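Novice: One structure is given below, represented as structure tokens, and several questions about it will come after.
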Amino acid sequence: MAKEDFRCIECNEKATELHRDYSNGILKITICEFCHKPVDKYIEYDPVIILIDALLCKTQAFRHILFNTHLNVQWKLCVLCLLCEAYLRWSRLQGSGRSSDPADFIRYTREWEFYGMFGTAALAELAAFCGGVLGFLWAALGVLRRRRPLELRPLELRLLLRALLLSCYGKVLLIPAVIWEHDFSPLCVALIEVFVLTSNSQAIRVILNSSRRLSLAAVALGLLSESCVARFCRTFS
Ligand SMILES: [Zn+2]
């Protein structure tokens, strides 16, 4: 990561360093020259605290993760999320017909073909969601930048895609929601989906330094694109 890539988590201005290492072994956290607050207080925090703040969708926690860390697990997380989605679809198809009979277990192992099919459908839907969001932002920023050239950051596709994939981490919660199945499972799944969309919106807002309205509109368009692809897949499968 180049030095100038750091950002102040409070005011979003660029910073050259997060801390200064003095020769006598003393580390001192850097103070932002624009807002006069620590550039990134999270470098001293426990990862659990950072995760809790990210779960609460705090802008500062998102800036810390997306700009000031080398966290590069988005593709692994993407595969894990797709598996969670595929498992959810598969379990919905099986419905209440499951039993603990070993013969049934053998029957289920033959259904990997279905599992693969659902995984492919989930991949297509994720691609449609990301494509819809990026396409909308590309068009919207083109229009908005002509009116307010200095306020919005340029669209960096690689950074935005990383942010979108990382902010889908909430989908991992689908596993316990499905495994410990109970009457409230559909409600839990709906709440998880709302949480993931909220995280996506916050990630877009942080990356572009845009308004909440623009990020919500981008997520809504991504969702619309995803729904169209899901309907198309169901029609032709
Ligand atoms: Zn600052």
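The values are calculated or read from the model by the stated rules, or taken from the named source; none is laboratory data. The structure presented is a predicted model; accordingly, all values stated were derived computationally and were not measured. FYI the Cβ positions are ideal-geometry reconstructions off the backbone, even for glycines, and counts take in every protein chain you see. Just so you know, the surface numbers come from the protein's heavy atoms only, side chains and all, with ligands and any DNA or RNA stripped out. Shrake-Rupley method; radii C 1.70, N 1.55, O 1.52, S 1.80 Å.
Novice: Per-residue ellipticity at 222 nm for the chain, helices alone: DSSP H runs ≥ 4 residues times -39500 (n - 2.57), over residue total, nearest 500 deg cm²/dmol?
Specialist: On the way: 9 runs with 148 residues, N = 237.
It comes out at -21000 deg cm²/dmol, rounded to the nearest 500.
Novice: For q = 0.11, 0.24, 0.26, 0.27 Å⁻¹, what log10 I(q)/I(0) does region 1-72 give under the Debye formula with an equal point scatterer on each alpha carbon and no solvent?
Specialist: Once normalised to I(0) and log-transformed, intensities are -0.26, -1.12, -1.24, -1.29.
Novice: Once the Cβ-Cβ distance between Phe236 and Ala139 is put in as r, and R0 is 41 Å, what FRET efficiency do you end up with, to the nearest 0.05? The partial results should precede the final answer.
Specialist: Values: r = 28 Å, r/R0 = 0.68.
So the FRET efficiency works out to roughly 0.90.
Novice: Going by a 4.7 Å Cβ-Cβ cut-off, which cysteines of the chain have no partner at all?
Specialist: Among the cysteines of the chain, those whose Cβ sits 4.7 Å or more from every other are Cys57, Cys78, Cys81, Cys84, Cys130, Cys168, Cys188, Cys228, Cys233.
Novice: Pick out the long, greasy-scoring helices in the chain: whole DSSP H runs spanning 20 Å or more along their own axis by Cα, mean Kyte-Doolittle at least 0.5. Show your work: numbers first, answer last.
Specialist: Values: long enough: 74-94 (30 Å, 0.43); 112-147 (52 Å, 0.91); 185-208 (34 Å, 1.45); 212-236 (36 Å, 0.81).
What comes out of the filter, once short or polar helices are dropped, is 112-147, 185-208, 212-236.
Novice: I'd like the accessible area for Ile175: 1.4 Å probe, protein heavy atoms, all chains in place, Å² to the nearest 10.
Specialist: Estimated to the nearest 10 Å², Ile175 gives 60 Å².
Novice: Which FRET efficiency value, to the nearest 0.05, do you get for Glu44 and Lys14 by plugging their Cβ-Cβ distance into 1/(1 + (r/R0)^6) with R0 = 22 Å? Present the calculation step by step, with values, prior to reporting the outcome.
Specialist: Numbers: r = 21 Å, r/R0 = 0.94.
Efficiency, from the Cβ-Cβ distance: 0.60.
Novice: At 7 Å along Cα-to-Cβ for each site, give me the label-to-label distance between Val189 and Leu224 in nm.
Specialist: So the label points at Val189 and Leu224 sit 2.5 nm apart.
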